[in-house]
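Step one of this worksheet: look at the structure below.
Values in this text are rule-based calculations from the coordinates and carry no lab data. Owing to the predicted nature of the structure, the values given are computational and were not obtained by experimental measurement. Cβ coordinates were reconstructed from backbone atoms using ideal geometry, including for glycine residues, and neighbour counts include every protein chain displayed.
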Amino acid sequence: MNSSTSTPAIETGDVCRYYPMGAGLIRAVDGISLTIARGEFVALLGQSGSGKSTLLNLLAGLDHATSGFVRVQGRDLATMSSQELAAYRRNDVGMVFQAFHLIPNMTITENVELPMRFAEVDRAERAKRVRESLERVGLGNRLEHRPAELSGGEQQRVSLARALVNRPSLLLADEPTGNLDSRTGEDILNLIRDLSLSLGMTVVMVTHERALAERFARRLIFLADGKVISSSRQGPAARSGFGLAGEEEVRV
C-alpha cells in the first residue's frame, strides 16, 4: 500500500452496488462519495437496509461495485486481481463482526494465530504476535482457554486480537457490540478507540447504536436507501481539527 500520509485511507466516488430482483433492482449502495482520513474512527449509522453493511463489504473487497470506485490508501480495488484482493484482506484489513466467529475446538491462541498461518508467517513470529495481540486486548493470561470458557466480551476481545494480529492499517467492524450488554459494549468500543489512537489505525464501524457512536467515533455518517444523508464530526476531535479539514467530508 502507498505509505504517503497525504493519501486518504479511503475514497469512494459515486460508488453503487445494485442487485437484480425480478424485473427491478435493489439499490443497496446508490452513489456514495466520501473521504476518510488515515487514523480516523468513523461510524456508519442507519436503519436496516440503509446500505451500511454493503458499503463495509465494498471497502473490504468482499463485494464488487456496480459502478464508481473504491480506493484504499490510493489503490483502486476494482483493478486488483482475486489474488491481490485476498492479500489485501489478509494484510491490510482486519474485520470484526457481531458474531465472534471463533472456532470452538481451538484455543484462543490458535484462533488468533489462524490468519498468520494463511499469511505463511514464520512459527516463532506467529507466537510472538499472538501473545502481543492478546496482551493488547487484556487477555494475555487466557492463552490456552477455549471460546466456551470465555464471556461474550472476552470472545469479542479475541475476535479483535485476531483482526489485529496481521497489523492491518484498516479495521472494519460490523455491529461489534450487537451481541454484548451495554457495559461490555462500551468496554469494546473504548478498546477499539484506544487501539485506533495508539496504532494510527483507521476504523470504520457499522452500528445501530447512535449513543455509543456519538461517544466513541470521531465522525458519524448517516445512510438511508443506499445514500449518505448527513455527516458530522464529534466531540474533541471536531474541535481539534482531527483528520481532514471541514465539517462536511461527504459529497452527496
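Fully extending the segment from Glu214 to Asp14 would add 69.4 nm, taking 0.36 nm per residue of separation and subtracting the current Cα-Cα distance.
Quick one: plug the Kirkwood hydrodynamic radius of the range 1-77 (C-alpha pairs) into Stokes-Einstein at 25 °C, 0.890 mPa s, and report D in µm²/s. Stokes-Einstein gives a translational diffusion coefficient of 187 µm²/s. Distance between the modelled labels on Asn91 and Met106, one decimal in nanometres: 2.1 nm (7 Å Cα→Cβ projection).
Counting neighbouring Cβ atoms within 10 Å and putting the fewest first, the residues Phe69, Phe216 line up as Phe69, Phe216.
Full extension of the chain between Leu114 and Ser82 yields a length gain of 9.5 nm, computed as 0.36 nm times the residue separation minus the alpha carbon distance. How much net charge surrounds Arg129 when only the other residues with a Cβ under 9 Å from the Cβ of Arg129 are counted, with Lys and Arg +1 and Asp and Glu -1? Net charge in that neighbourhood comes out at +1.
Looking at the range 23-68, none of the trypsin sites (Lys or Arg not before Pro) sits in a DSSP loop with at most 10 other Cβ atoms within 10 Å of its own Cβ. Taking a sphere under 9 Å around the Cβ of Gly51 and counting the other residues whose Cβ falls inside, with K and R at +1 and D and E at -1, yields a net charge of +2. The distance from the alpha carbon centre of the range 157-212 to that of the range 11-79 is 20 Å, rounded to a whole number.
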